[in-house]
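Here the structure is laid out as structure tokens; the discussion comes afterwards.
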Amino acid sequence: MHKKIYTTDNRVQHFNKVDVNEKLGKIIGKKFIKYRETWDKVNKYELETDFPLFIQLDMDQVCNLTCGHCALNSVDNLSDFYSSDKLSWEDYKSIIAEGEEHSCPSISHTGFNEPLLDKDFERYIEYAYQHNFIDIFLLTNGTLLSEKRAKRILDSGLTRIRFSIDAASPETFKSVRGGKYEKVIKNIERFLDLQEKGGYKLPVTGVNFCKINLNEHEVEMFHAFWEDKVDMVSVQSFIPADSEQRNLQFYPSDNFGDSHLIDDFQCPQPYQRVVLRNKNITPCCSLDTRLTLGEIGKDTIYDVWNSEEMIEIRRIHRNKEHASNPACKVCAERIHGIPVLNS
């Protein structure tokens, strides 16, 4: 198993065979090293920047798999967040322009969706790279990663790619994700082979495992299979999209009712990023529309980031006062399994 563990929030733990950020620093240079030094400071609530270090785009909410634990299977209860309409190219260019103006270093093009359903998705990565984003991230389920698309991604300027798999066997993959395990593994291994044979230093590669009670018995198998193949193996805590009783079935055995952790809860995301979902500008990955602080096309990211509302959200998390915000309170409870157990 990997010995080096990296996390910013303890919800996603990255087990690295190498120090990924150190590797990227050697490849990209001083500007990357400086950006990650700043990132570490904001994660410790020691620094507030004038503009987010990270723009996270949820470009639509469409996927080709049927993972029962995903928010897309709670659409009836989360209809305010769901849209099959893709972020327009004009809006995207405007977002990139503002990020470039403020020297924003990093961006992700993935939210609650499968980005490769867009047959020309790679142009978004290429455009961000051409406009001076130095850390560009992609999360994909790998089902649509043909050889042609793999080659284009390798040439796009992408910095990091992570494949969301959640299983170490065909049987578990089918029950958790509803797809064909062998096809996904073949696609990922071909990508890794093309990268090695082509001499590509980037992107750094990783695989993702969202631990729920249907797959928790395969965590060690997952580690063993991937640890020598990719740069990073990530294990993510299950966080339900809503507080329905149905989510009880998905909590793994080690994630029940950690109520003693609630008082110390802090979230670094409002210090790191903005999340742009449909037309909404929000301070984190939460789907709670009460956290909407602005609208694409009407408000700038800069103005939202420096608004009184955003500053207050950062303050309450720095001071461990998350419960004063109803949306943050509910989110903290979901992370630790509280509302499900008390419903």
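The values are calculated or read from the model by the stated rules, or taken from the named source; none is laboratory data. These figures come from a predicted structure and were not determined experimentally. A quick note on method: Cβ atoms are made from the backbone with ideal geometry, for glycine too, and the neighbour counts reach across all protein chains shown. What goes into the accessible areas is simple: the full protein's heavy atoms, side chains included, and nothing from ligands, DNA or RNA. Shrake-Rupley method; radii C 1.70, N 1.55, O 1.52, S 1.80 Å.
General remarks:
- Cα point-scatterer Debye curve for the range 181-322, base-10 log of I(q)/I(0) at q = 0.16, 0.20 Å⁻¹: -1.08, -1.15
- Converting phi to 3J(HN,Hα) with the Karplus coefficients 6.51, -1.76 and 1.60 and the offset θ = phi - 60°, the range 30-47 yields 4, 5, 6, 4, 5, 4, 6, 5, 5, 4, 4, 5, 5, 5, 9, 6, 9, 8 Hz in sequence order, with x at every glycine or proline.
- Computed from backbone phi, the HN-Hα couplings of the range 290-301 come to 5, 8, 5, 10, x, 9, 4, x, 10, 10, 8, 4 Hz, rounded to whole numbers (Karplus: 6.51 cos²θ - 1.76 cosθ + 1.60, θ = phi - 60°; Gly and Pro given as x).
- Convex hull volume per residue in cubic angstrom - Cα atoms of the chain: 128 Å³
- This model, with +1 at the C-beta of Lys and Arg and -1 at the C-beta of Asp and Glu, gives the chain a dipole about its Cα centre of some 1040 debye.
- Long-range amide H partners of E295 with built H, under 5 Å: I281
- Pairwise Cα inverse-distance average, inverted: Kirkwood Rh of the range 1-122 (Å): 17.2 Å
- Carbon/sulfur fraction of accessible area - the chain, other protein chains in place, 1.4 Å, %: 48 percent
- In the full protein context, the chain carries 45 Å² of accessible surface per residue, based on a 1.4 Å probe and ignoring ligands, DNA and RNA.
- Estimated purely from DSSP H runs of n ≥ 4, each contributing -39500 (n - 2.57), the mean residue ellipticity at 222 nm for the chain is -10000 deg cm²/dmol once divided by its residues.
- Heavy-atom SASA rank of R290, R314, R123, R273 (probe 1.4 Å, accessible area, largest first): R290, R123, R273, R314
- Order of exposure, largest accessible area first, which applies to S324, S88 with probe 1.4 Å: S324, S88
- Here the Karplus relation 6.51 cos²θ - 1.76 cosθ + 1.60, evaluated at θ = phi - 60°, turns the backbone of the range 316-330 into coupling constants of 5, 6, 4, 9, 6, 10, 4, 5, 6, 10, x, 5, 5, 4, 5 Hz, with x for every Gly and Pro.
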